[in-house]
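Visitor: Below is one structure. I have some questions about it.
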Amino acid sequence: MVSKMTRRRTHAERKVQTRSDLVKSARQVFLERGFHGASLDEIAEAAGYSKGAVYSNFNSKDELFLAVFDAHLVQRTRALTDIVFSQARLEDAYHAIALSMSAADVQEPRWTPLLLEFWTYASRHEALRVIVSQRRERFLDVIAGLIEELGRRHGVDFALPTKEIARGSAALARGMALERLLNPRAVPADLFDRVHTAYVQGLTKTTKDVRSPRKKGRKHEDQQSTITGNQHDRVTVARRRTHRA
């Protein structure tokens, strides 16, 4: 006979479920209404809870949005990690990463303007700005680690620190996302793929990019030997002609 304890969820389990439901609903309401336009009443109603349930899990709308932000970063980390470990060739990985980033924007075109709205708001409130910045930097550290692993797997190095490559990649994605909002036809997925792949390839250093000075010197010596040899042959021919004359 199944005990009551196994049939009923504990208070802690219910709280976790409630929080998860609120975060999922909050994401959709924020995307539809914007950060400032969304209300906690709307979010609670969309999730099927009372407003009191929201405040029992989050102290403010800021804190609720941070939970949405955290969930988004976890999802993107998993997606990019799968790509890094599933591609056999480096070029394929670069293309797959770009296509994944572009697909995420196409599926949720309102995420980038929502993020920028919240970041702008956070930049005016120092305590919140620090919190958002810390979360963002931790995410970039994780992505930098994935880039480093990609380099190790394919035997390449990079022209910039991997964290700055990650930062530039994200900035490029946000910029193209905003361009797509204004003119979707001008920014198809394959355009972002070409631009982003060119960006990371331009920062990728292969073994061909590193040449030993000794080799350059040897090549120079070989060229000098060839020139000297040719000069010697011409001098010998000239002497023979003079002797015959």
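The values are calculated or read from the model by the stated rules, or taken from the named source; none is laboratory data. Source: prediction; values computed, not measured. Cβ coordinates were reconstructed from backbone atoms using ideal geometry, including for glycine residues, and neighbour counts include every protein chain displayed.
Visitor: Just to be sure before I move on: is Leu172 surrounded by 12 or more Cβ atoms within 10 Å (Cβ to Cβ), of a type in the set (A, V, I, L, M, F, W, C) and modelled with pLDDT under 95 in the structure I sent?
Guide: No; evaluated as a whole, the condition is false for this residue.
Visitor: Looking at the range 175-189, I want the residues that are in contact (Cβ under 8 Å) with a residue 40 or more places away in the chain and have a partner that is not in a helix (DSSP H, G or I) with Cβ atoms under 8 Å, at least 6 apart or on another chain. Which pairs are those?
Guide: Taking only residues 6 or more apart or on different chains, the pairs are Met176/Val187; Ala177/Pro109; Arg180/Pro109; Arg180/Val187; Leu181/Pro109.
Visitor: Give me the pairs: first residue in the range 94-112 and free of Cβ contacts under 8 Å to residues at least 60 places away in the same chain, second residue aromatic (Phe, Trp, Tyr), beta-carbon distance under 9 Å, and six or more apart or on different chains, which are they?
Guide: That search, which allows pairs on different chains as well, returns Ala104/Trp111.
Visitor: Testing Ser212 on (1) of a type in the set (S, T, N, Q); (2) modelled with pLDDT of 95 or more; (3) loosely packed, with under 14 Cβ neighbours inside 10 Å, one condition comes back false. Which one is that?
Guide: Single failed check for Ser212: (2).
Visitor: Does Ser86 satisfy being polar (S, T, N, Q), in the same structural domain as Thr18 (by TED's automatic domain parsing) and out of contact with any strand residue (DSSP E or B) (no Cβ under 6 Å at 6 or more places or on another chain)?
Guide: No.
Visitor: A follow-up question, please. Would it be correct to say that Val68 is surrounded by 17 or more Cβ atoms within 10 Å (Cβ to Cβ), in the same structural domain as Arg136 (by TED's automatic domain parsing) and touching an Asp or Glu at 6+ places or on another chain (Cβ under 7 Å)?
Guide: Against the criterion (surrounded by 17 or more Cβ atoms within 10 Å (Cβ to Cβ), in the same structural domain as Arg136 (by TED's automatic domain parsing) and touching an Asp or Glu at 6+ places or on another chain (Cβ under 7 Å)), Val68 does not qualify.
Visitor: Further question: Based on this model, can you work out whether Ser169 counts as part of a helix (DSSP H, G or I) and more than 21 Å from His36 (Cα to Cα)?
Guide: Spelling it out, Ser169 is indeed part of a helix (DSSP H, G or I) and more than 21 Å from His36 (Cα to Cα).
Visitor: In the range 22-75, what residues are part of a helix (DSSP H, G or I) and among the small types (Gly, Ala, Ser)?
Guide: Scanning the range 22-75 gives Ser25, Ala26, Ala44, Ala46, Ala47, Gly52, Ala53, Ser56, Ala67, Ala71.
Visitor: Scan the range 136-158 residue by residue and report those that are exposed (fewer than 14 other Cβ atoms within 10 Å of the Cβ) and of a type in the set (D, E, K, R).
Guide: The answer is Glu137, Arg138, Asp141, Arg152.
Visitor: Which of (1) of a type in the set (Asp, Glu); (2) surrounded by 15 or more Cβ atoms within 10 Å (Cβ to Cβ); (3) within 30 Å of Val187 (Cβ to Cβ) is the odd one out, the single condition Asp62 does not satisfy?
Guide: The single condition Asp62 does not satisfy is (3).
Visitor: Is it the case that some residue within the range 177-184 is in contact with a Ser or Thr (Cβ under 6 Å, 6 or more places away or on another chain) and either buried (at least 18 other Cβ atoms within 10 Å of the Cβ) or not assigned by TED's automatic domain parsing to the domain that holds Leu90 (or both)?
Guide: Yes, some residue in the range 177-184 is in contact with a Ser or Thr (Cβ under 6 Å, 6 or more places away or on another chain) and either buried (at least 18 other Cβ atoms within 10 Å of the Cβ) or not assigned by TED's automatic domain parsing to the domain that holds Leu90 (or both).
Visitor: Would you pick out the residues in the range 13-39 that are hydrophobic (A, V, I, L, M, F, W, C) and buried (at least 16 other Cβ atoms within 10 Å of the Cβ)?
Guide: Leu22, Val23, Ala26, Val29, Phe30, Leu31, Phe35, Ala38, listed by residue number.
Visitor: Quickly run through the range 28-63 and pick out the residues that are aliphatic (A, V, I, L, M) and farther than 29 Å from Asp105 by Cβ.
Guide: Hit for the range 28-63 is Ala53, nothing else.
Visitor: So, of the residues in the range 154-166 that are touching a residue at least 24 places away in the same chain (Cβ under 8 Å) and either part of a helix (DSSP H, G or I) or outside the structural domain of Glu91 (by TED's automatic domain parsing) (or both), which turns out to be nearest to the chain's Cα centre (by Cα)?
Guide: Out of the qualifying residues, it is Ala166.
Visitor: Could you identify the single residue in Leu116, Leu128 that is of a type outside the set (Val, Ile, Thr), part of a helix (DSSP H, G or I) and buried (at least 17 other Cβ atoms within 10 Å of the Cβ)?
Guide: Leu128
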